[in-house]
Every structure is written in structure tokens, then in C-alpha cells.
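Participant: Just passing along the structure, written as C-alpha cells.
The values are calculated or read from the model by the stated rules, or taken from the named source; none is laboratory data. Remember, predicted model here, so these are calculated numbers, not experimental data. Every residue, glycine as well, gets a Cβ built from its backbone with ideal geometry; the counts of neighbours run over all protein chains shown. Ligands, DNA and RNA are excluded from the accessible area calculation, which covers all protein heavy atoms including side chains. Shrake-Rupley method; radii C 1.70, N 1.55, O 1.52, S 1.80 Å.
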Amino acid sequence: MMVTQNEAMKKLMDTAERVAKTQATVLITGESGSGKEVLAQFIHFKSKRHNKPYIVVNCGAIPKDIVESELFGHEKGAFTGALHQKPGYFEMADQGTLFFDELVELPADTQVKLLRTLESSNFRRVGGEKELSVDVRFIAATNKDIQSQIKKGLFREDLFYRLGVIEMEIPPLRSRKDDIPLLIEHFMKIYIDKYEMPLTEISERSLKMMTFYSWPGNVRELRNVIERLVILYAGKVVEPEDLPIQFHELEEYDDSSFVGSGNDIRIPVGSSMDQAERIIINKTLSSVGNNISQAARILSVSRKTLHNKLNQFKENGITK
């Protein structure tokens, strides 16, 4: 299920639905964690093959010495340890869809055999002589730049052309920030139901930080963060200081609403300049969950200056 309200993603999903009705091979590109497998599943379940097998092959996880056996199967006695005949992924996916994740990880010689199978729908099991035929819808995905892999000789150009009948690129989460609140709500419901937890809420300040964050791990990272928050803060309101450490290392975040109405700073009459400065810094740090980068930006000083001020106050014994 693809959860989105982003216009670019809506267009991508419209394309996927049209493509699903055909038998064309599909190549899905995008950063790790962006949802390539989810898109592949969507295409399968929107196709006429939706009630047939959907087989996932993680190309990077298969040892090179058994990759052909895993893909095409093997006959009894084909190699040491081959005690029984074994069907491969192609046979398992017959009449259905075969999804190759991280296809560029396949060895070069296996790429040659894969190309032949894609073009003819025929193959032989390892150690076998009989030609087998299958009817498989093929979808592949990668988070690497295929053109650079071709130039390096790591991926066959003819295989790329065979796969790229339909090429679809999933944009990273940082370029579709309007999806972040929707995804947070979606995963919150999933994990609250899964763990039978009381309702967990995300404060407005936390939501702003999460929306500003670049999410290098994309939707997968967001999902994991939400699972953690549901477990650790069940029944509570998640504040900025409750978010994982990566959110407290944001260098560019600027939200003046963190210091404003409801966060007025009061300085007692008779306070020294150093004490007043300390109160301002303390209040600002508190308002951003002790995030040095954010506090420095609000105060219009560098991180180094703010660190020096804090050390100076500590050395002089100045309290709040």
C-alpha cells in the first residue's frame, strides 16, 4: 500500500496502475528505503496476476556460488550437496510476478543467463538438460545509478535495455515532505494496533522537526522511528527531546515559533548581565529540546560561541 498525498507520487501511482495492466518488464529506481518493493507489490496486485505467486529475490543476499541454483533450480547430483531436485525462483513464480531487488548485484555470467530467460522464457536447471518454460512478469529494482554501473562494466547494457521497457523512479522522502505527516499517522496506527498500545501523539514541535529532517533512510527510517516512539512513549505526547539523536543534530532547522507566545522569557530585576544572558540561553535551549544547533540559530550566534558561553557560565558558577 502506497500512502501519499504528494502530486509527483500520485502521478507515479497512476502510471503504475496503467503499467500493471500490461505484461511489460518494469525497472524501479530510487534510494534505499524509498518504497521500491511496495511499488512492485502494487503493480503485482493491480495486475491480472494478483492471485498468483509474488516472489521476491534479494540479489545482494544470495551467495555468488549458489545464485544460479537459487534462480533456475538444480537437478539431483548437480553438485556436492544437491541431494534432491530443487525448483528455482523462476519456477516458483510461474504465472505470477518475480521481483528482483538490487538486480545490479548479480554476477556478470548470471546476467547473461537472465537476459536469455527474459527474452525466451526458457531456462535449464543447474545440471539439467531439459529446457523449461515459464510465464513470469519481471520487475527489478536498484538504488544504484545503472548508467555508472554499465560504464564500470558491472552491469550489462543489453540487460538494462531489456528491463527498461518501463522505468519508474521513486522520489526520496525529503523531496515530498507533504507526505511525512500522512505517513506518521499511517505508521502510528499500524504499530499502536500491532502492540495494542494506548494512543501516542506527536507534538506540533516534534512534527515540525520531523518534517524538516532530511530522512536519509527514507520511508523505512520513518517507519522505524515511529515504531520506536509508539513503544517507548505509549499513551504520551512525544516532545522534541524524545526524538532519536539524529533529530538533535539538525544544523539548519529554524522555527521561531519555538520561542514566542507561551515561551516568554522573564528576567528578575537585579539580575546581572551574565545572569540575564544565562536565562535567555537556558530558555532557548529548553524550547528546542537542548538542541545546540537550533538554539544557536535562534540566538543568531555560532555553535562554537554558544558552547563557549555555556562553558563560561559553568566556570563562573552562574546558575539559572
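Participant: Using the Karplus curve 6.51 cos²θ - 1.76 cosθ + 1.60 with θ = phi - 60°, what ³J(HN,Hα) values do you get for each residue of the range 98-103, in whole Hz, with x for Gly and Pro?
Facilitator: Result, rounded to whole Hz: 10, 10, 9, 8, 6, 4.
Participant: Amide H of A78: which non-local residues (sequence gap of 5 or more, or other chain) have their own amide H closer than 5 Å, using H built in the peptide plane?
Facilitator: none
Participant: Quick one: what are the phi-derived ³J(HN,Hα) couplings along the range 47-63, Karplus 6.51/-1.76/1.60 with θ = phi - 60°, whole Hz, x for glycine and proline?
Facilitator: Result, ordered by residue: 9, 5, 8, 4, 9, 10, x, 10, 10, 9, 10, 8, 4, x, 9, 8, x Hz.
Participant: Another question, then. Suppose accessible area is computed on protein heavy atoms with a 1.4 Å probe; arrange E68, E119 from highest to lowest.
Facilitator: Values: E68 35, E119 125 Å².
Listed by decreasing accessible area, they come as E119, E68.
Participant: Can you check how the C-alpha radius of gyration of the range 99-148 compares to 2.2 N^0.38 Å, as a plain ratio? Walk me through the numbers on the way to the answer.
Facilitator: Details: Rg = 12.4 Å, N = 50, 2.2 N^0.38 = 9.7 Å.
Ratio of Cα Rg to 2.2 N^0.38 Å: 1.28.
Participant: In addition: In whole percent, what relative contact order does the chain give with Cα contacts below 8 Å and a gap of six or more residues? Each step should come with its number before you reach the end.
Facilitator: Working: 485 pairs, mean separation 55.6, N = 320.
Result for the chain is 17 percent.
Participant: Select from K76, K177, K236 the residue whose mean-square fluctuation is largest in a Gaussian network model of the chain (Cα-Cα springs shorter than 10 Å).
Facilitator: K76
Participant: Roughly what % of DSSP beta bridges within the chain run antiparallel, to the nearest 5? Please list the in-between numbers first.
Facilitator: Working: 3 of 24 bridges.
DSSP beta bridges in the chain are roughly 10 percent antiparallel.
Participant: Now a separate question. Under a plain spin-label model, where a point goes 7 Å from the Cα along Cα-to-Cβ, how far apart in nm are T211 and K189?
Facilitator: With each label placed 7 Å out from Cα toward Cβ, I get 2.0 nm.
Participant: Let me ask something else about it. What number, rounded to the nearest 500 deg cm²/dmol, is the helix-based mean residue ellipticity at 222 nm of the chain, given -39500 (n - 2.57) per DSSP H run of at least four residues and division by all its residues? Walk me through the numbers before you get to the answer.
Facilitator: Numbers: 13 runs with 136 residues, N = 320.
So the calculated ellipticity at 222 nm is -12500 deg cm²/dmol.
Participant: log₁₀ I(q)/I(0) of the chain at q = 0.09, 0.13, 0.14 Å⁻¹, via Debye over equal Cα point scatterers, no solvent, to two decimals?
Facilitator: -0.65, -0.99, -1.08
Participant: Further, regarding this structure: With contacts defined as alpha carbon pairs under 8 Å and 6 or more residues apart, what's the relative contact order of the range 104-224 in percent? All intermediate terms of the calculation are to be shown ahead of the outcome.
Facilitator: On the way: 70 pairs, mean separation 26.5, N = 121.
About 22 percent, as a whole number.
Participant: Another question about this same structure. Sort 212-219, 145-152 by the packing proxy (mean of other Cβ within 10 Å over each peptide's residues), most packed first.
Facilitator: Values: 212-219: 19.1, 145-152: 13.6.
By packing density, highest mean first, the sequence is 212-219, 145-152.
Participant: Using only alpha carbon pairs under 8 Å that are at least six residues apart, calculate the relative contact order of the range 43-131 and give it in whole percent.
Facilitator: Details: 128 pairs, mean separation 33.2, N = 89.
Normalised by residue count, the contact order of the range 43-131 is 37 percent.
Participant: Looking at the range 70-151, send over the antiparallel percent of its DSSP beta bridges, to the nearest 5. Intermediate results must be reported in sequence, preceding the final value.
Facilitator: On the way: 3 of 9 bridges.
Antiparallel bridges make up about 35 percent of those DSSP assigns within the range 70-151.
Participant: Using amide H atoms built in the peptide plane, which far-off residues or other-chain residues are under 5 Å from V238 H to H?
Facilitator: Close amide H contacts, sequence-distant or interchain: E201, I202, S203.
Participant: About the Cα centre, and with charges only on the beta carbon of Lys, Arg (+1) and Asp, Glu (-1), how big is the dipole of the chain? Nearest 20 debye, please.
Facilitator: Numbers: 43 positive and 45 negative charges, 18 e Å.
Dipole of the chain, to the nearest 20 debye: 80 debye.
Participant: Let me ask you something else. Once phi is turned into ³J(HN,Hα) by the Karplus curve 6.51 cos²θ - 1.76 cosθ + 1.60 with θ = phi - 60°, what whole-Hz value does each residue of the range 69-74 show in order, with x for glycine and proline?
Facilitator: Rounded to whole hertz, the list is 5, 5, 6, 9, x, 8.
Participant: If you don't mind, there's one more thing I want to ask. Ignoring ligands, DNA and RNA, please state the percent of accessible area on the chain from carbon and sulfur, probe 1.4 Å. Present the calculation step by step, with values, prior to reporting the outcome.
Facilitator: On the way: 8470 of 17030 Å².
Whole-percent figure for carbon plus sulfur exposure: 50.
Participant: Taking amide H positions as placed in the peptide plane 1.01 Å from N, state which residues far from E167 in sequence (5 or more) or on other chains have amide H under 5 Å from it.
Facilitator: L27
Participant: Then there's this: Taking just the alpha carbons, could you work out the radius of gyration and Dmax for the range 39-177, both in angstroms?
Facilitator: So, for the range 39-177, Rg and Dmax equal 15.8, 55 Å respectively.
Participant: Measuring with a 1.4 Å probe in the full set of protein chains, what accessible area per residue, in whole Å², belongs to the chain? Before the final figure, lay out the partial values.
Facilitator: Details: 17030 Å² over 320 residues.
Each residue of the chain exposes 53 Å² on average to a 1.4 Å probe.
Participant: Something else: Where nothing but the Cβ of Lys and Arg (+1) and of Asp and Glu (-1) is charged, how large is the charge dipole of the range 1-154 around its Cα centre, in debye to the nearest 20? Could you put the intermediate results ahead of the total?
Facilitator: Values: 21 positive and 20 negative charges, 73 e Å.
It comes to approximately 340 debye.
Participant: Here's another thing I want to ask about it. Give the separation of the Cα centroids, the range 104-172 to the range 9-85, in Å.
Facilitator: 11 Å
Participant: With N set to the residue count of the range 1-105, report its C-alpha Rg divided by 2.2 N^0.38 Å to two decimal places.
Facilitator: Values: Rg = 16.3 Å, N = 105, 2.2 N^0.38 = 12.9 Å.
Taking the Cα Rg and dividing by 2.2 N^0.38 Å, one obtains 1.27.
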